1. Full extension from residue B:67 to residue B:22: what is 0.36 nm times the residue separation minus their Cα-Cα distance, to one decimal in nm?
2. For the range A:204-278, what is the percent of antiparallel DSSP beta bridges, rounded to the nearest 5?
3. Over the heavy atoms of residue A:108, what accessible area does a 1.4 Å probe trace out, to the nearest 10 Å²?
4. Output the pairs from A:213/B:12; B:11/B:53; B:12/B:53; A:72/A:257; A:257/B:11; A:177/A:204 with a Cα-Cα distance over 20 Å in this structure; if there are none, say none.
5. Restricting to Cα pairs below 8 Å that are 6+ residues apart, what does the relative contact order work out to for the range A:1-303? Please round to a whole percent.
6. Name the residues of the range A:237-263 whose amide N is less than 15 Å from a point 7 angstrom out from the Cα of residue A:194 along the C-beta direction?
7. Over the heavy atoms of residue A:267, what accessible area does a 1.4 Å probe trace out, to the nearest 10 Å²?
8. At 1.4 Å probe size, put A:261, A:272 in order of accessible surface, largest to smallest.
Amino acid sequence: MLENIRRKIHEVSRSIGRPVRLMEVCGTYTVAIFRHGIRSLLPESLSLLSGPGCPVCVTSAGDIEAVIDLAKNRGVVLTTFGDMMRVPGRNQSLGEARAEGADVRVVYSPLDALGIAAENSDRDIVFFATGFETTSPLTAATVYEAEQRGTENFYLYSVHKLVPPALRALMSSGEVKVDGFILPGHVSTIIGSRPYGFLADEYKKPAVITGFKARDILEGILMLLEQIVSGEARVQIQYTSVVREEGNPKALSMIRKVFEIADAQWRGLGIIPQSGLRFGTEFSKRDAVKRFGIEPPQIEEPPACSCGDVLKGIKLPTACSLFGKRCRPETPVGACMVSTEGSCAAYYKYMPQDK
Amino acid sequence: MCLAIPSRIIKKDDLMATVDVMGARLEVSLMIMPEEVREGDFVLVHAGFAIQKVDRQSAHEVLQLLAPLLEQEEEGS
C-alpha cells in the first residue's frame with residue numbers, strides 16, 4: 001500500500017519535471033514526517049518545509065513576560081498547558097519563575113483550571129489560553145462554563161492564534177516560495193476546509209488537509225502533486241474521517257460567543273493582522289487583560305536567530321548560525337527550538353549528524 | 001499541541017462522559033461535540049474535550065501510531 005503511493009509520488013514528480021516545495025503547517029506533522037522517515041521515501045526534487053504550525057513556538061516573549069508578571073507580582077495562580085513551561089520570555093521561562101516561588105500550575109485541560117478556581121475562591125486564577133483553533137473552542141467553552149457555575153475568580157489571558165490569516169500573511173509577503181500546502185488536520189476538524197479557500201482562489205496554490213499516519217501524509221502529498229501536474233488549485237480533504245467541509249459548527253459558535261478577532265503578535269513573524277482571538281464584550285469580565293491591566297512588553301527577536309525565515313520556509317534550521325550551538329532544545333534562543341514540535345527542535349532531535 | 005487522541009466513550013452523563021483513552025479513564029466534556037454520541041462511540045479528545053466523532057477503524061489505526069509517540073513525547077497536550 002505505502003509502496004504503491006510512494007511509486008506514484010515518484011511517477012507524478014517525474015512528469016512535473018521541476019523541483020516542488022510543499023509546506024506543512026502543523027507541529028505534529030513536523031515530528032511525524034521525521035518519525036516515519038517520510039523524506040527518505042520522496043524523490044530529491046520534492047522538498048518538505050515546516051511553516052508556522054506550532055502554537056507553543058509562536059507565542060511571543062512579551063506574552064510570556066506578561067504571565068510571569070501575573071504569577072510573580074500580582075498574587076495570581078497562573079495555570080497553563082505543560083508545553084508552555086520552557087518557553088523563554090525576556091530573562092526566564094514560566095518553569096524558572098515557578099522554581100523561584102511563583103504559583104504556576106500545569107493543567108491538562110482548561111476545565112482543570114476552572115476546578116482550581118472553584119477550590120480557591122480567595123485567589124484569582126488565570127488560565128494562559130494558548131493554541132490554534134483546535135484549542136480555542138475549549139477555552140471559550142470553559143469561560144462559558146465558569147459563567148454557568150458562577151465561578152467568579154476565573155480569568156483567561158488569551159493569546160489564541162488563527163492559522164488561515166498566518167498563511168495569508170506568508171503568501172502576501174511574496175517571500176514564500178511554495179507549490180502547495182499540507183494543512184493541519186485537527187485545526188481543520190474545527191474550522192473545516194472553507195477558510196483556506198483563498199490559497200486556491202487567490203494564490204492558485206493546491207492544498208490538502210491530511211491525517212497523521214504515514215499513509216495519510218503520503219496520500220496528501222500525492223494529491224498535491226496530482227493537482228500540480230494537472231494545473232489545478234483546490235482545497236482537498238484527505239483526512240475525511242474527522243474533517244468536514246463546514247468543520248465543527250458547535251465549536252465555531254462557542255469561539256464566536258466568547259472571542260472576537262484581533263491583530264496578534266507572533267514570535268518570529270511579528271504582528272499579523274486579524275490573526276488572534278481576544279475577548280468580545282459579553283464575557284469581558286473574564287479577560288485577564290482588563291482585570292489586571294496587562295500590557296505585554298515589546299521584546300525584540302534575538303539577533304542572529306533565523307526563526308522568522310524558518311517559519312516562512314526561506315531557510316532550513318540547519319542553515320542558521322545558532323542552530324545546535326548556542327540554540328539547543330535545553331537552551332532555546334528562538335521560537336522554532338522552544339517546543340518539541342518546533343521545526344528546529346525536530347531537526348535537532350532527528351538529525352544527529354548535524355549536531 | 002493540537003494533538004487529539006481517539007477515545008472510546010464508556011459512560012455518558014448529559015454533557016460529560018467517561019472515556020477510555022489508551023487504557024486510562026478520563027472525564028471529558030461533550031459541550032462542543034457537533035453531534036450526538038453514545039456509549040461505545042469513538043471521539044477525538046483534546047485537552048479534556050471531545051471535539052469530533054471518529055469511526056472505529058480510523059480510531060484503531062491512529063492509536064497504533066500514537067502509542068510509541070506518546071511514550072516518547074511527554075509534552076504533547
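1. Details: separation 45, 0.36 × 45 = 16.20 nm, distance 0.79 nm.
The span from residue B:67 to residue B:22 would gain 15.4 nm if fully extended.
2. Numbers: 6 of 9 bridges.
Antiparallel: roughly 65 percent of the beta bridges in the range A:204-278.
3. My reading of the accessible area for residue A:108 is about 90 Å².
4. Details: A:213/B:12 29 Å; B:11/B:53 15 Å; B:12/B:53 14 Å; A:72/A:257 31 Å; A:257/B:11 29 Å; A:177/A:204 13 Å.
Beyond 20 Å: A:213/B:12; A:72/A:257; A:257/B:11.
5. Details: 564 pairs, mean separation 61.8, N = 303.
Reported as a whole number, the value is 20 percent.
6. What the label zone holds, given the 15 Å backbone N cut-off, is A:244-254, A:256.
7. Using a 1.4 Å probe on the heavy atoms, I get roughly 20 Å².
8. On the way: A:261 90, A:272 10 Å².
Ranking A:261, A:272 by accessible area, largest first, yields A:261, A:272.
The values are calculated or read from the model by the stated rules, or taken from the named source; none is laboratory data. Bear in mind the structure is a predicted one, so any value in this text is a computation, not a measurement. Methodologically, a virtual Cβ is constructed for each residue, glycine included, from the backbone with ideal geometry; neighbour enumeration extends over all protein chains shown. Side chains are part of the model used for accessible areas, which takes the heavy atoms of the whole protein and leaves out ligands, DNA and RNA. Shrake-Rupley method; radii C 1.70, N 1.55, O 1.52, S 1.80 Å.
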